[in-house]
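Structure record follows, encoded as structure tokens.
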Amino acid sequence: MIPRGKSGRCKVRSNKHSVLETPYGNLSSAHVDPVEKKPLFHFHPSTYVYSIGGWGCNLSCKNCQNYQISQVWVVNSAVTSPEEICKRALSKKCGGIAFTYNEPTTWYEFMEDTAAEARKNGLYTVCVTNGYIQKEPMSELLEYIDAFNIDVKSFSDQFYQKYCGGTLKPVLESVELAAEHKNHIELTYLVIPGINDSHEELEAFSNWVRSINERIPVHFNAFHPCFELRHLDSTPISTLLNARQIGYDQGLKYVYLGNVNYPSAGDTVCPRCGRVAVRRVSTRAQKTDGICRFCNEELNMVVNPKDNTSVRFWEYE
Ligand code: SF4
């Protein structure tokens with residue numbers, strides 16, 4: 001319950017004279033990004049996505065890279081509409097719209113309306129979220145949004161309490177719900193050295209993913225010092241390679257390393273023949289139709305043939 005004259009912890013919703021107020025359409029940021037930057041490697045590869053962010057967050061991660069927009073009160077920025085967002089996405093030749101940068105569920109209503117409008121316009125939608133949301137609104141969102149990248153920041157409730165001001169269970173439930181609903185999902189686990197990188201924790205996380213669906217792509221991303229964790233070191237490549245190996249050892253089919261410049265970090269290795277089915281360097285991906293070009297294995301990718309008109313495909317041979 002938000003007291004009169006106050007805002008909730010997300011700094012977005014407020015109780016004004018006993019009426020719950022929610023800003024609508026206040027953007028903090030808008031960019032055209034490669035969809036791989038979300039990161040989504042198995043969803044409309046190589047398309048551009050019109051990416052928008054708002055303000056606020058329902059967590060308070062000590063390592064938040066976007067704390068200037070997630071940990072502040074809503075700024076009176078220009079207000080836009082779902083129709084305007086779709087118009088901009090189409091005019092910039094984007095394949096879809098991504099709700100990202102801060103926590104999009106803090107501007108849930110605008111996201112939902114924009115997603116409905118996007119569908120009418122033939123645009124896909126992506127939600128990059130911390131997954132810290134109750135089952136009922138998550139279920140509703142699953143009807144509107146095509147793909148999710150969900151952060152699982154650790155596999156420890158203590159971590160969530162100490163470093164994010166939240167709890168682990170709702171996040172796991174969101175992932176399970178999205179998988180049940182058959183939305184496209186990819187997971188990101190930011191590996192922070194000495195904090196959430198133990199063999200046991202990475203193994204437990206990977207095991208849990210496999211128990212849901214071994215074909216869910218997992219991104220183990222490198223941490224770089226920021227916000228309240230500036231005193232820590234960046235994640236060494238050896239730690240990321242170890243995480244990737246643990247993921248594979250636990251039976252995961254698609255494991256990627258992110259925020260790091262390392263050969264093979266973003267390559268899709270075919271789980272059947274073991275060859276590199278899709279090579280990636282940073283956010284540039286080799287052309288793919290979602291099938292391994294060596295053995296025809298289906299790679300759990302959402303590919304629209306129209307995406308092949310994209311200018312971003314990398315003709316790598
Ligand atoms: S959930 Fe994401 S946006 Fe929110 S504080 Fe954590 S890192 Fe920042």
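Remarks
- Kirkwood hydrodynamic radius over Cα pairs of the range 96-174, then Stokes diffusion coefficient at 4 °C and 1.567 mPa s, in µm²/s: 99
- Backbone geometry of the range 53-61 corresponds, through the Karplus equation with coefficients 6.51, -1.76 and 1.60 at θ = phi - 60°, to 3J(HN,Hα) couplings of x, x, 10, x, 6, 8, 10, 9, 5 Hz, x marking Gly and Pro.
- Cross-link pairs LYS38/LYS253; LYS253/LYS287; LYS11/LYS37; LYS120/LYS153 - those with Cα-Cα distance over 30 Å: LYS120/LYS153
- Antiparallel DSSP beta bridges within the chain, as percent of all bridges there, nearest 5: 35
- Equivalent ellipsoid, the chain (semi-axes from 5 times Cα gyration tensor eigenvalues, Å): 31, 25, 17
- Applying D = kT/(6 pi eta Rh) to the range 148-216, where Rh is the Kirkwood radius over alpha-carbon pairs, T corresponds to 25 °C and eta to 0.890 mPa s, the Stokes-Einstein value obtained is 198 µm²/s.
- Inverse mean reciprocal Cα-Cα distance (Kirkwood Rh) of the range 2-114, Å: 14.8
Computed from the coordinates by the stated procedures, all read-outs in this text should not be read as laboratory data. Only a predicted model underlies this, so the values are computations on that prediction, with no experimental measurement involved.
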